[in-house]
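To start, the structure under review is shown below, and the notes come after it.
The values are calculated or read from the model by the stated rules, or taken from the named source; none is laboratory data. Since the model is a prediction, treat every value here as computed from it, not as a measurement. Every residue, glycine among them, receives a Cβ derived from its backbone with ideal geometry; neighbour counts consider all protein chains shown. Each accessible area value is taken on the protein alone, full model and side chains, heavy atoms only, with ligands, DNA and RNA left out. Shrake-Rupley method; radii C 1.70, N 1.55, O 1.52, S 1.80 Å.
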Amino acid sequence: MFDLTGMTALVTGASGGIGSAVAKALAAQGARLAVSGSNAAKLEAFRASLGSYHVALPCDLADGPAVDALVPAAVEALGGRLDILVNNAGVTRDNLVMRMKDDEWEMVIRVNLEAAFRLARAAARPMMKARHGRIISVTSVVATTGNPGQANYAASKGGLTAMSKALAQELASRGITVNCVAPGFIATAMTDSLAEAQKAALNARIPAGHMGDGADVAAAVVYLASREANYVTGQTIHVNGGMAMI
């Protein structure tokens, strides 16, 4: 079940906490990957850990022309096809609305939403030709609940969710599904640095009593990428331990 043997995938933000878990899970199920990230050295080290079967394609998602070139580069590197696109990369520039600068707003929208649009637009072409494809975007629980100090981030993730629903309707007849995975609190290097009291406060908000990890998010991505999810499109799978029951 959920065998991805023979399928190819492009994963953005692949050397980060959630991104690396997603990439490892897709590779474990047999997919061949093009992994992308902005830190070329870190990305290549991660690619090497996956094995020579996979390729690394560094890209700055704030650079529009570089983003437009990423999918064609992935298709070429992966033998002329792309079955799965995972829009995982994202940035934050948190600030209260009265203090938020234009560049803090613009950077988050450019990387989290505009780059995802550009990549989905490019990926749709080979997927439509093949009459098969999976576009999966990692959003956030704050796309639904909002969060103080994250007007830009919530807007980007909420926009990504709405965009995915529109694309799902456009592309369904061509055998392409478009879905989202929305993590809640996930244990990462950032949360590891929190004080124990802060962690306890976060965990108190989660009915499961603890934060998730990257593998929890990756499992949802693998399912949506699989043939078994062929009839699932325009949906968001919330992975949050019950902290927001949507």
**Asked** Where Lys and Arg each count +1 and Asp and Glu each count -1, what net charge lies around Thr8 among other residues with Cβ under 9 Å from its Cβ?
**Response** +1
**Request:** Please turn the phi angles of the stretch 145-157 into ³J(HN,Hα) values with the Karplus equation 6.51 cos²θ - 1.76 cosθ + 1.60 (θ = phi - 60°), one per residue in order, whole Hz, x for glycine and proline.
**Result:** 8, x, 6, x, x, 10, 4, 5, 5, 4, 5, 5, 6
**aspartates and glutamates with Cα under 19 Å of Lys101, excluding same-chain neighbours fewer than 8 positions away** = Glu114
**Request:** Please tell me the relative contact order of the stretch 118-187 in percent, rounded to the nearest whole number, where contacts are Cα pairs under 8 Å and at least six residues apart.
**Result:** 43
**Message:** As an exercise, identify the chymotrypsin sites (Phe, Trp or Tyr not before Pro) in the stretch 153-246 lying in DSSP coil whose Cβ has no more than 10 other Cβ atoms within 10 Å.
**Reply:** Tyr231
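Mean projection of the alpha-carbon convex hull of the stretch 110-246 over all orientations, in nm²? Write down the numbers at each step before the final one.
On the way: hull surface 34.7 nm².
The orientation-averaged projected area of the Cα hull of the stretch 110-246 comes to 8.7 nm².
Expressed as a whole percentage, what fraction of the accessible surface of the chain belongs to carbon and sulfur atoms when a 1.4 Å probe is rolled over the protein heavy atoms?
Values: 6240 of 11350 Å².
Roughly 55 percent, rounded to a whole number.
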**Request:** Please name which of Ser137, Asn95, Asn152 has its Cα lying farthest along the dipole of the chain towards the positive end, using unit charges on Cβ (Lys, Arg +1; Asp, Glu -1) and the Cα centre as origin.
**Result:** Ser137
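Rounding to the nearest 20 debye, state how big the charge dipole of the chain is about its Cα centre with +1 on each Lys and Arg Cβ and -1 on each Asp and Glu Cβ. Each step should come with its number before you reach the end.
Details: 21 positive and 19 negative charges, 115 e Å.
Roughly 560 debye, rounded to the nearest 20.
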**Complete:** Rounded to two decimals, the Rg over Rh value of the stretch 1-144 from Cα coordinates and the Kirkwood Rh reads 0.98
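Determine, for each peptide in 88-100, 131-143, the mean count of other beta carbons within 10 angstrom over its residues, then list the peptides with the highest first. Before the final figure, lay out each step's value.
On the way: 88-100: 15.8, 131-143: 23.7.
Highest to lowest by the protection proxy: 131-143, 88-100.
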**Packing rank of 201-211, 154-164, where each peptide gets the mean count of other beta carbons within 10 Å, highest leading** = 154-164, 201-211
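Over the stretch 12-61, what number does the Rg to Rh ratio reach, with both radii from the alpha-carbon atoms and Rh per Kirkwood? Spell out each step's value before the answer.
Working: Rg = 9.5 Å, Rh = 10.4 Å.
A ratio of 0.92.
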**Fill in**
Mean separation of Cα contacts under 8 Å (at least 6 apart) over the residue count of the chain, i.e. the relative contact order in percent, is 21
**Request:** Compute the normalised compactness of the stretch 48-127: alpha-carbon radius of gyration over 2.2 N^0.38 Å, N being the residue count.
**Result:** 1.30
**Request:** Let me know the charge dipole size of the stretch 26-81 about its Cα centre in debye, to the nearest 20, where only the beta-carbon of Lys, Arg (+1) and Asp, Glu (-1) is charged.
**Result:** 280
**Request:** For a quick protection proxy, order the peptides 9-18, 60-69 by their average other-Cβ count within 10 Å, most packed first.
**Result:** 9-18, 60-69
**Fill in**
Pairs over 26 Å Cα to Cα, from Lys129/Lys157; Lys165/Lys199; Lys129/Lys165, come to Lys129/Lys157; Lys165/Lys199
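Ignoring everything except DSSP H segments at least 4 long, calculate the 222 nm mean residue ellipticity for the chain; use -39,500 (n - 2.57) per segment, divide by total residues, nearest 500. Please list the in-between numbers first.
Details: 10 runs with 111 residues, N = 246.
Helix contribution divided over all residues of the chain: -13500 deg cm²/dmol.
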**Request:** Give, in whole angstrom and from largest to smallest, the semi-axes √(5λ) of the equivalent ellipsoid of the stretch 177-218, with λ running over the eigenvalues of the Cα gyration tensor.
**Result:** 23, 12, 7
**Asked** If you roll a 1.4 Å probe over the heavy atoms of the protein chains, what accessible area per residue do you get for the stretch 118-246, in Å²?
**Response** 47
**Prompt:** Taking the alpha-carbon centroid of each part, what is the distance from the stretch 190-246 to the stretch 14-35 in angstrom?
**Reply:** 17
**Message:** Which one, Leu194, Ala9, Pro58, is farthest towards the positive end of the dipole of the chain when Lys and Arg carry +1 and Asp and Glu -1 on their Cβ?
**Reply:** Ala9
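Quick check: convex hull of the Cα atoms in the chain, volume per residue, rounded to a whole Å³? Can you show the working numbers first?
Numbers: hull volume 30.3 nm³, N = 246.
Looking at the chain, the number lands at 123 Å³ per residue.
With 20 Å as the cut-off, how large is the P(r) tail for the stretch 151-212, expressed as percent of Cα-Cα pairs? Intermediate values should be presented prior to the final figure.
Details: 958 of 1891 pairs.
Tail of P(r) above 20 Å: 51 percent of Cα pairs.
Hey, could you get me the Stokes-Einstein D for the stretch 71-172, Kirkwood radius over alpha-carbon pairs, 25 °C and 0.890 mPa s, rounded to whole µm² s⁻¹?
My calculation gives 169 µm²/s for D.
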